[in-house]
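Everything below concerns the one structure shown next.
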Amino acid sequence: MDCIFCRIASGEVPTQYLHEDREIVAFPDINPQAPTHILIMPKEHFTSLGEMVPKNSELLGRLLLVAHSVAGQAGVVDTGFRLVLNQGRDGAQTVPHLHLHLMGGRGLSGRMG
Ligand code: 5GP
Ligand code: ZN
């Protein structure tokens, strides 16, 4: 399987990580939609939430905690931010490796889609 985010997670594609631990990496989106636009993802390949099972609960929770920590590093905790998980065709998911988008640094539209 050729997954660009797996290649980023393994270090094969050199990427400036904003966070890295045993299970999770965060890095800037290549095509930012907001002044702060960071992706947070498990290193392990999951295409969607549907591939996660109860033993992945801690990892899922940690993704949110890492997102908050990275938001702090980016200086957007006080002003606020949005976390998005696009899944599947109607969710406009383009990279089939589960990830969160962290966006902030400007007032985001109140429209969700
Ligand atoms: P999705 O639509 O799947 O939720 O979002 C995928 C995101 O990954 C897009 O915002 C896109 O700009 C970003 N992206 C795609 N390829 C790369 C890449 O090679 N490097 C980085 N840093 N971001 C990427
Ligand atoms: Zn992958």
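The values are calculated or read from the model by the stated rules, or taken from the named source; none is laboratory data. Note that the coordinates shown come from a computational prediction; the quantities given were computed from them, not determined experimentally. Keep in mind that these areas ignore ligands, DNA and RNA; they rest on the heavy atoms of the full protein, side chains included. Shrake-Rupley method; radii C 1.70, N 1.55, O 1.52, S 1.80 Å.
Ignoring ligands, DNA and RNA, what percent of the accessible area of the chain is carbon or sulfur (1.4 Å)? Don't jump to the answer; show the numbers that get you there.
Details: 3600 of 6760 Å².
Here carbon and sulfur together make up 53 percent of the probe-accessible area.
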Accessible area per residue in Å² at 1.4 Å probe, computed on the chain: 60
Under the rule a/c < 1.5 gives rounded, and otherwise a/b versus b/c splits prolate from oblate, where does segment 1-111 land using the Cα gyration tensor? rounded
Calculated from DSSP helices alone, with each H run of at least 4 adding -39500 (n - 2.57) and the total divided by the residues of the chain, [θ]222 nm to the nearest 500 comes to -7000 deg cm²/dmol
Nearest 10, in degrees from 0 to 90: the angle of helix 57-74 to the longest Cα principal axis of the chain is 40
Residue among Pro54, Pro35, Pro14 with the largest mean-square fluctuation in a Gaussian network model of the chain, springs linking Cα atoms under 10 Å: Pro54
